[in-house]
Amino acid sequence: MDIFSDIKRTFKEGSSLTRLIYINLGVFLVVQIIGVVYYLSGQSSILPDWLSVPSDISEILKRPWTPFTYMFLHTGFIHLLFNLLGLYWFGKLFLYRMEGNKLLSVYLMGGLSGAVFYVISYNIFPVFESVNGLLLGASASVFAILVAIAFYDPNNEIHLSFIGSFQLKYVALFYVLLSVIGISATNPGGNIAHLGGAAWGWFYIFQLRKGRDMGTGLVKFIDRIAKAIAGLFKPKDNLKVAFKQTPRDDYEYNRLKNKEQEEMNRILEKIGKAGYDSLSKSEKELLFRQGKK
């Protein structure tokens, strides 16, 4: 039972990156377990098809949730492993420069952009005329995160064992070119989706530099839903507790500081839109404590 308690705690208290990794792992395990049940009953599981993005537009209309669900779906362990490694590496770099809510928005919108590129390509290019494809995996979202942080901090260097150091802009360029070449070689649909994710990563930072966060609406919508669901199972007033936790280690300390900064950003944005009087009592107390530091 301890392991499940630890998973629940780390998911609840973890960063957006931690939660995205957990969701991908959880979906993979559920799909695999259901696949075993179907196999033992002499049937093939319909779940992967049910969650993947079909290239046929008429099929998407029957399964409109698939542009969201596909980016968390993996049916092979190697596919999952490489996507999660990329998500972890580039996600950590992203979080060194920006907040967790921006990482979540880039992941989601990058995935949606990859699905759009995939479906449009399979319906306009003659080479795909007789192909009924399915798109799944987090790679478009990972590409969005990589290109976003590379465009935001292009000269930041990453160190690869036994190879050397490379600036992020060259790492992103390498993977984008690899995807372009891969369209005519292997997995054309996946590589097209990579380019869709990369395009969103670039566009997101381009707009962010102009002061426009293009993913904030989606994140706020998801956050409202999550808070509404959470409110059904726990007391509402736990804001004070969240920021009075004693950090167990450096990682925990940084996580709490990032969480506190995200809440401060939200409060300041609320003041800018509706004024100081619009703040709740707990929000005013947090603002007061921050002002004393």
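The values are calculated or read from the model by the stated rules, or taken from the named source; none is laboratory data. These figures come from a predicted structure and were not determined experimentally. As a convention, Cβ positions derive from the backbone with ideal geometry for all residues, glycine included, and neighbour counts pool all protein chains shown. Heads up: the accessible areas ignore ligands, DNA and RNA and are worked out on the full protein's heavy atoms, side chains in. Shrake-Rupley method; radii C 1.70, N 1.55, O 1.52, S 1.80 Å.
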### Query
Within segment 11-29, is there a residue that is at pLDDT below 95, acidic (Asp, Glu) and open to solvent by 80 Å² or more (accessible area, probe 1.4 Å)?
no
### Summary
Over segment 150-172, the set of residues farther than 26 Å from PHE203 by Cα and either at pLDDT 90 or above or of a type in the set (S, T, N, Q) (or both) is SER161, SER165
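Any idea which of VAL176, VAL171 is under 14 Å from SER139 (Cα atoms), in contact with a helix residue (DSSP H, G or I) (Cβ under 7 Å, 6 or more places away or on another chain), part of a helix (DSSP H, G or I) and aliphatic (A, V, I, L, M)? Let's see the steps before the verdict.
Details: VAL171 fails: under 14 Å from SER139 (Cα atoms).
Matching residue, one of VAL176, VAL171: VAL176.
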### Of all residues making up segment 38-58, the number that are in contact (Cβ under 8 Å) with a residue 40 or more places away in the chain and surrounded by 14 or more Cβ atoms within 10 Å (Cβ to Cβ)
8
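Quick check, is LEU85 closer than 19 Å to LEU25 by Cβ and without any contact (Cβ under 8 Å) to a residue 12 or more places away in the chain?
Here the answer is yes, as LEU85 does meet what is asked.
Going by the conditions given, is VAL142 over 20 Å from LEU84 (Cβ atoms) and either open to solvent by 20 Å² or more (accessible area, probe 1.4 Å) or in contact (Cβ under 8 Å) with a residue 40 or more places away in the chain (or both)?
Working: over 20 Å from LEU84 (Cβ atoms): no; either open to solvent by 20 Å² or more (accessible area, probe 1.4 Å) or in contact (Cβ under 8 Å) with a residue 40 or more places away in the chain (or both): yes.
No.
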